[in-house]
1. Using the structure shown, decide if Met261 is hydrophobic (A, V, I, L, M, F, W, C), within 25 Å of Ala334 (Cα to Cα), buried (at least 22 other Cβ atoms within 10 Å of the Cβ) and not assigned by TED's automatic domain parsing to the domain that holds Ala130.
2. Looking at (1) modelled with pLDDT of 95 or more; (2) closer than 21 Å to Ile283 by Cβ; (3) outside any loop (DSSP other than H, G, I, E, B), which is the only condition Val344 fails?
3. State which residue is surrounded by the fewest Cβ atoms within 10 Å (Cβ to Cβ) when the search covers only segment 306-332 and only residues that are part of a loop (DSSP other than H, G, I, E, B) and without any contact (Cβ under 8 Å) to a residue 60 or more places away in the chain.
4. Taking the options Thr470, Thr396, name whichever one is among the polar types (S, T, N, Q), in a loop (DSSP other than H, G, I, E, B) and touching a Ser or Thr at 6+ places or on another chain (Cβ under 7 Å).
5. Does Ser456 satisfy the criteria of being hydroxyl-bearing (Ser, Thr, Tyr) and within 21 Å of Pro205 (Cα to Cα)?
6. Looking at (1) buried (at least 19 other Cβ atoms within 10 Å of the Cβ); (2) over 30 Å from Val149 (Cα atoms), find the lone condition where Asn376 falls short.
7. Condition test on Val540, is it in the same structural domain as Ser303 (by TED's automatic domain parsing) and touching a Leu at 6+ places or on another chain (Cβ under 9 Å)?
8. Thr234 passes all but one of (1) crowded, with 21+ Cβ neighbours inside 10 Å; (2) among the hydroxyl-bearing types (Ser, Thr, Tyr); (3) closer than 18 Å to Thr367 by Cα; which number fails?
Amino acid sequence: MKKIWKKVVAVSMAAVLMCGCGTGSGAQTGSQEEQGAVQGSQAEENAGGNSSDEAAMQYPEYLNLDSFRPIVKEGEEVTLRVLTMRESIANNDVKENWFVKFIEEKLNINLEIEEVNTSTYEERRNLMLASNDLPDIILNMHLSANDMVTYGMDGQQFLAMSDYISEELTPNLYKILSENEMAKAENTAPDGKMYTMPNISASFPGWGDTLGTQRVFIDTKYMEAAGIEKEPETLDEFVDMLRAFKALDPTSMGVNEIWPMVSTWGNDKEFLQNAFGWITTDITDMTLPAWDVETEEIVIPCSQEKYRDYVTLLNTLYSEELIHPDFFTIDKTAARALYTEGAVPVLCDAAPYLSLPDRFDEFIAATPVSSQWCENGVTRKTPSYTLGTACISADTEYPEVCMRLLDYFYSDEGSVYRLYGCAEGSEDTMNMIEGFSLDENGVLVFGDVASGKYESDFDYWVNAIEISQTTPGDEGKMKLYSQKLAGVENPEYPGLDLTNPDDHYRSICYEAQQGHLADGLPSMYLETDQAARYTDLKTVIKNYVDTETAKFVVGQRALEEFDTFFEELKNMGIEEYMEICKDSYADFTGVQK
């Protein structure tokens, strides 16, 4: 069986992203003979490249290749349907946000947008894929690597975006992918094609791969009240801290009841899993492959003997009311309501300021804790790239427009505009926003936040600017080019300003996590012959593990029955399932600490 990690890197080094030989590509570099040789080589390596007839096709007349303003030439009209997921704090119609209006007015692309949120996206995504009724562009719908195989490579519902990468049509993506081989590999299906594009992170202190994925924050007000002078370093110390918080008189803390640890998206589970030595690929799914930092091997956590200890710990936390009774089901809105009340000493969320904008600087980040199962506390290093958040329908009438728009997101300007908006005084404000500027300390300031129109930068980004919870782009360009737009001649990556709530959480995470970072596993791509069996096994195993784990945790099933639990997993095919997962990583040589 040919493994994707070897194959993709080989293809990457053989040629740079098809050099403009996509189905919509007209202008080529080099002679026809040179192009034909390249196409022939890539067709063999890339599981069916494009023919010379396809390469000779011209771009649509209405497409402007001279600049992004506009993408669609004046006097022409193109409408794209877009499906997007937004943050839970979104409280307006996304069609009224600045970046949507900018795309329509300055790039001359009409947008019909359907928005979903974290509670509705899964049902909408499944319906869309089952009916094969896809919008032109899909943003941030949590599509996985295997979705790219199922609905891209096999189902041909997603556009093979790599067929359209060229210096002329998509100059930014062309350059990014030629310089980021592993980012390309992460987003490439077993057929050698890309049905999505990577998000690119900035990498400097407090950003990108200088941080881990753990997001656990401790309220220093509660630490002081409980007489705790420093953050815990071991799992036992962490649990003892939760007990100390629970023992406090709620009225003395100004609340009706104290819930020592509450999470918005499974961040508490990730913290505890890491303490057992697991670097997981999905913090809510213990049936997926994980890297065990102690044994240095790929494992299925729920099948390991120490899973008994992990579930026993959760049972202890639950029975002692150290975690919320809705531990398995609580959503962001409910969790953040408890944070806002001040009822949660250990909040497990993206950042404290999302719920407590006036008290964000009273929190410290928890240090990854060690335990008998993990000698040195670890957290998964945030990759400098991610599996992309954008897909394009294979049936779109406008593949070149979709790709050109996506490429704009990765440009200097687009990387800034997609989240920050434009600079103060620019005509691009379109009298909708005040724009951003730099204060005397060189810190980016958003006028609409400074004026009090929006509570925080985050509130401003979500409810005034962005089109999606995560719009793909290049974060490094965003950090540098925003300074240039604000008048800085030689931009540099900014330092962390502890008075800024976003910078503050990054700073405390950076401080707590240095020396504890470990790479996680890359995305798992299953080839067609294994995907069906994998899905059959995983469906049965995951349903069983989720159900029985919940029973063990809340006391509906005795912990003494764990031997029976492991035996039932064997009967369900856990060993075959594990072999499929390990086989998909056969060429993977291990993570770096």
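The values are calculated or read from the model by the stated rules, or taken from the named source; none is laboratory data. Nothing here was measured: the structure is a model prediction, and the numbers come from that model. FYI the Cβ positions are ideal-geometry reconstructions off the backbone, even for glycines, and counts take in every protein chain you see.
1. yes
2. Evaluating Val344 over (1) modelled with pLDDT of 95 or more; (2) closer than 21 Å to Ile283 by Cβ; (3) outside any loop (DSSP other than H, G, I, E, B) leaves (3) as the failure.
3. Pass one, segment 306-332, residues part of a loop (DSSP other than H, G, I, E, B): 320-322, 324-331.
Among the residues that remain, those that are also without any contact (Cβ under 8 Å) to a residue 60 or more places away in the chain are: 325-326, 329.
On the way: Pro325: 11, Asp326: 12, Thr329: 9.
Only one residue tops the list, namely Thr329.
4. Values: Thr396 fails: touching a Ser or Thr at 6+ places or on another chain (Cβ under 7 Å).
Residue meeting the stated conditions: Thr470.
5. Against the criterion (hydroxyl-bearing (Ser, Thr, Tyr) and within 21 Å of Pro205 (Cα to Cα)), Ser456 does not qualify.
6. The failed condition is (1).
7. Considered against the rule, which asks whether it is in the same structural domain as Ser303 (by TED's automatic domain parsing) and touching a Leu at 6+ places or on another chain (Cβ under 9 Å), Val540 comes out as no.
8. Here Thr234 meets the rest and fails (1).
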